[in-house]
Amino acid sequence: MKIAVLPGDGIGPEIVAQAVKVLEALRGDGLKIEMEYAHLGGAGYDAAGDPFPPATEKLALAADAVLLGAVGGYQYDTLPRPMRPEQGLLRIRKGLGLFANLRPALVYPELVHASSLKPELVSGLDIMILRELTGDIYFGQPRGIRTMDNGERQGFDTMLYSESEIRRVAHVGFQIALKRAGKNGQGKLCSVDKANVLDTSMFWREIVTEVAKEYPAVALSHMYVDNAAMQLVRAPKQFDVILTGNIFGDILSDEASMLTGSIGMLPSASLDAHNKGLYEPCHGSAPDIAGKDIANPLATILSVAMMMRYTFARVDIAQRIETAVRKTLQQGLRTADIAEAGMQKIGCAAMGDAVVKALS
Ligand code: NAD
């Protein structure tokens with residue numbers, strides 16, 4: 001298992017260090033794991049003047065999987081756009097062809113009360129958001145700021161999806177729905193778009209409906225994105241797999257993350273066509289708490305579980321890590337973001353140690 005480790009910025013190095021402890025413990029048990037480090041984001045800019053330095057690209061291309069912390073920081077906010085840390089992230093996703101972004105939103109029984117919704121709405125919640133990651137308005141050309149004939153300035157971007165881009169992510173969505181069907185009793189996929197207004201979305205809906213014919217065991221439904229945003233907070237348990245484009249997925253997955261109580265609990269996987277993947281927590285670099293040893297490392301540790309499941313097809317190890325995380329929660333161990341009033345809080349490193357202990 002060749003893993004490129006990119007700690008990134010802010011809390012990135014702290015949370016990645018905990019995930020590396022877990023990988024080292026697994027290596028101690030006989031797994032053949034190789035880890036090599038490189039810079040991404042602001043760390044890349046500081047080290048090499050580029051948020052996605054060539055050395056990082058080389059390492060990431062040669063690895064089976066990439067483990068990333070997070071990128072971004074206030075000190076980089078004034079840099080020109082190509083030098084910004086977030087550009088490093090967009091470029092590594094595009095460069096590795098990571099078009100399928102999987103974001104589970106799962107509520108742990110121990111954390112039901114950390115959700116901002118009523119416990120009965122979120123208890124037992126287990127949904128998977130599949131966001132297309134390398135197309136849409138984030139990458140469409142042309143884009144820019146132009147001056148019109150009348151002298152007024154105008155900002156513009158292009159929303160764009162080609163048929164093959166929709167088709168390949170739709171297949172991933174239906175396959176995930178099929179795999180989850182065993183667990184939940186029925187394959188269910190809800191495709192989210194804005195087909196009442198956008199031509200790109202009308203096309204998206206047409207292609208997803210076509211692909212659905214190859215998956216008769218999965219019930220396909222369509223929903224407009226504004227309604228989906230509402231339904232996620234009204235009755236989130238109606239969903240199983242949500243398939244959507246890049247920009248809608250960006251927003252809906254953050255919304256879904258809060259249903260679970262803390263963004264510090266949510267892992268993600270971004271996959272290419274051959275299960276090579278980049279694994280990272282859903283949250284950002286949290287510069288407000290960086291260096292204080294209070295960040296929650298569980299999303300990053302759970303990202304390693306996703307890596308074992310999707311890239312290395314080791315469901316047994318994925319489950320072992322997930323069980324260890326559950327055990328630590330059952331023991332009442334909490335970082336500040338998920339602690340209820342009166343509960344004892346532990347730091348980032350102590351949480352990493354606790355998960356490693358619970359692995360055995
Ligand atoms: P953020 O996710 O970094 O932080 C939002 C809030 O959640 C903050 O209060 C933070 O302290 C808290 N938080 C986040 N992760 C946490 C954790 N593991 N444990 C405890 N609390 C946690 O989002 P933001 O503040 O909007 O952005 C900060 C920086 O991160 C920006 O530069 C942004 O561009 C970048 N960002 C990067 C990624 C990524 O690397 N994938 C994603 C989102 C934002």
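The values are calculated or read from the model by the stated rules, or taken from the named source; none is laboratory data. Values in this document were obtained by computation on a predicted structure and should not be read as measured data. Counting neighbours? That spans all protein chains shown, and the Cβs are built from the backbone with ideal geometry, glycine included. Note: areas computed on protein heavy atoms with side chains; ligands, DNA, RNA excluded. Shrake-Rupley method; radii C 1.70, N 1.55, O 1.52, S 1.80 Å.
Worth pointing out:
- Any hit, the stretch 8-31, residues being in contact (Cβ under 8 Å) with a residue 60 or more places away in the chain, more than 27 Å from Ile289 (Cβ to Cβ), of a type outside the set (Phe, Trp, Tyr) and open to solvent by less than 10 Å² (accessible area, probe 1.4 Å): yes
- Ala269 being open to solvent by less than 40 Å² (accessible area, probe 1.4 Å), in contact (Cβ under 8 Å) with a residue 40 or more places away in the chain and either touching a helix residue (DSSP H, G or I) at 6+ places or on another chain (Cβ under 9 Å) or near the ligand (Cβ under 8 Å from one of its atoms) (or both): yes
- Residue check for Ser303: within 27 Å of Lys2 (Cβ to Cβ) and surrounded by fewer than 18 Cβ atoms within 10 Å (Cβ to Cβ): no
- Just one of (1) touching a Ser or Thr at 6+ places or on another chain (Cβ under 7 Å); (2) away from the ligand (no atom under 11 Å from the Cβ); (3) small (Gly, Ala, Ser) fails for Ala235. It is (1).
- Taking the stretch 70-88 as the range and being within 13 Å of the ligand (Cβ to nearest atom), of a type outside the set (Asp, Glu) and part of a loop (DSSP other than H, G, I, E, B) as the test, the residues that pass are Val71, Gly72, Gly73, Thr78, Leu79, Arg84.
- Among the residues making up the stretch 195-249, those that are open to solvent by less than 40 Å² (accessible area, probe 1.4 Å), touching a His at 6+ places or on another chain (Cβ under 8 Å) and assigned to a helix (DSSP H, G or I) are Val208, Val211.
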